[in-house]
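Notes to accompany the following structure.
The values are calculated or read from the model by the stated rules, or taken from the named source; none is laboratory data. Just so you know, these numbers come straight off a predicted model, no measurement behind them. Note that we place each Cβ from the backbone using ideal geometry, even for glycine, and neighbour counts take in every protein chain shown. The area values use the complete protein model at the heavy-atom level, side chains included, leaving out ligands, DNA and RNA. Shrake-Rupley method; radii C 1.70, N 1.55, O 1.52, S 1.80 Å.
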Amino acid sequence: MPIPVRTNAEWEQFGRDHTCRGLGRLYDEVVVKGNGLTLTTADGKEYLDFTAGIGVTNLGHSHPAVTAAAQEQVGNIVHMQCSIFQNPAYLQLIDRLLPVLPDKSLDAIYFWNSGTEAVEAAIKLARASTGRHAIVTFQGAYHGRTAGSASLTRSKPVYSKKTGPHMPGVFVAPYPYWHSLGLPPSTPEDVLVDAAIHQLDLVFRQQVAPLDVGAIFIEPVQGEGGYIPCPPRFLHHLRSLCDQHGILLVLDEVQTGFYRTGSYFAISDLGLRPDIMTFAKGVANGFPLSGIASSKALMDKFEPGTMGGTYAGNPVACAAGVAVQDVLATGEVKANVAARSEQIFNALRALQASPKTGHLIADVRGKGLMVAVEFRSNTDKLTHEGLAPGTALPQKIGPRVQTKCKEKGVIILTTSCFDTIRFIPALIVSEEEMSRAMNVFGEALNEVALEG
Ligand SMILES: Cc1ncc(COP(=O)(O)O)c(C=O)c1O
């Protein structure tokens, strides 16, 4: 049968007709090429990509070293079931990762394909090793959309809507941020941390006995929940609480790893020991790969056969992962993140200080190149703090700014919580690309301010 020839518009319609509605895809255009931060559509349109595929292509699309490593691996062997034999790329990637993990105690790695699978693996390891079923998660958390991880996800009900009942034994505490605690944006960090510690204490005194809790899961910078860095004091408090009660501390670095926040992992410089750490996204620059790291002693609490999956630790993905770590080892990415982070924060704070747009911005926050702007929304009264009485606020701003930016050639994302835009460019973003994106964002916001 001949393959039907379709126009680009027909392919777009084909996608609308035959793909899963549940994806909630933003755009129907078909992207045929990615190079650095530039995406090219089938119609030949170019976009500056400030999403990096939601924090994945940290080295830019089609990074030459990663492409070459994957191509070489394809010529050797594509699939080697990790439950049958070992393969060199798998072992080499572990060898590259061990020295850069945030704590020396983490000396064993299990590879999966996606972030949510890594979270599932962490849930399983926590339960299997402690013999305790309960898990504590945080308001605004995003840990994935499969059955177990969706039970820990608390950023938006759509991720678990109509698909319950979900995994029992999950308890939710407020994240140490003003939203989560219902406090004004100007609340000092120490007050937020004390309030969150108090609330967590209540969870343990009123909802679940610490002896029943196997793990506390936390993102060091909440991603989907609004790009909110967790104050280090709170993380250290969790560590001591876990030590006191024999609970495992699970740090979900799926989105924050591989220099996204300026250091190899978001907790790298905190002197904090996680019992289990999850990673994914940036590890292989777009090849499906994820994993958990823990001590070998903890990992060995799994009985042989407990873990595994047909594609887990695929050799091509692992070879790409090795190439990524080798690029990161040069230090150039780290230096660029520091410079570009300063640039983006300066640009956004200038918009916040500007008489034209400042009243629309409640918060500029983030770490490294995981940066968000929260708008003053009609519905969220907390964000109105400091606003001159009677100031008119437009309808929800984020999606309107997002649409305008796309029309001007820049792709940006919102986050689930509140009225927020997030910027996640590839970590190799140039000064010129950053200026362009910030100019476009500023123009878009100005237009919204004028339109009201
Ligand atoms: C912190 C965190 N954990 C888990 C996940 C789930 O990863 P995946 O989409 O690869 O399943 C994500 C995805 O955005 C994430 O940001």
Where residues in the stretch 36-84 are closer than 13 Å to V316 by Cβ and of a type in the set (S, T, N, Q), which of them is surrounded by the most Cβ atoms within 10 Å (Cβ to Cβ)?
Q73
Here the residues within the stretch 254-278 that are surrounded by 22 or more Cβ atoms within 10 Å (Cβ to Cβ) and either of a type in the set (S, T, N, Q) or within 11 Å of the ligand (Cβ to nearest atom) (or both) are V254, Q255, T256, G257, R260, T261, A266, T278
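So in the stretch 370-381, with the set limited to residues that are surrounded by fewer than 17 Cβ atoms within 10 Å (Cβ to Cβ) and over 21 Å from L450 (Cβ atoms), which one is nearest to the chain's Cα centre (by Cα)?
Looking only at the stretch 370-381, we keep the residues that are surrounded by fewer than 17 Cβ atoms within 10 Å (Cβ to Cβ), and these are 378-381.
Still in the list and also over 21 Å from L450 (Cβ atoms): 379-381.
Details: T379: 26, D380: 24, K381: 27 Å.
Only one residue fits best here, namely D380.
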Every pair of residues 6+ apart whose Cβ atoms lie under 6 Å, when the first sits in the stretch 124-148 and is more than 22 Å from L235 (Cα to Cα) while the second is among the aliphatic types (A, V, I, L, M) and within 16 Å of the ligand (Cβ to nearest atom)
G148/I123; G148/M167
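Report whether or not V191 is open to solvent by less than 30 Å² (accessible area, probe 1.4 Å) and either farther than 22 Å from G115 by Cα or in contact (Cβ under 8 Å) with a residue 24 or more places away in the chain (or both).
Values: open to solvent by less than 30 Å² (accessible area, probe 1.4 Å): no; either farther than 22 Å from G115 by Cα or in contact (Cβ under 8 Å) with a residue 24 or more places away in the chain (or both): yes.
Criteria not met by V191.
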The stretch 216-227, subset in a strand (DSSP E or B) and within 12 Å of the ligand (Cβ to nearest atom), residue farthest from the chain's Cα centre (by Cα):
F217
If the requirement is being open to solvent by 10 Å² or more (accessible area, probe 1.4 Å) and either more than 16 Å from the ligand (Cβ to nearest atom) or over 24 Å from E342 (Cβ atoms) (or both), which of these qualifies: L211, L251, L238, L289?
L211
Taking Q206 as meeting all but one of (1) open to solvent by 10 Å² or more (accessible area, probe 1.4 Å); (2) closer than 30 Å to R340 by Cβ; (3) assigned to a helix (DSSP H, G or I), write down the number of the exception.
(2)
Filtered residues of the stretch 387-410 (kept if open to solvent by 20 Å² or more (accessible area, probe 1.4 Å) and in contact (Cβ under 8 Å) with a residue 40 or more places away in the chain)
A392, R400, K404, K406
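Return the residues of the stretch 1-13 that are part of a helix (DSSP H, G or I), open to solvent by 80 Å² or more (accessible area, probe 1.4 Å) and farther than 30 Å from P64 by Cβ; say none if nothing qualifies. Give the steps one after another, and end with the answer.
At the first step, the residues of the stretch 1-13 found to be part of a helix (DSSP H, G or I) are 8-13.
Then drop every residue that is not open to solvent by 80 Å² or more (accessible area, probe 1.4 Å), which leaves 10-11.
The answer is E10, and nothing else.
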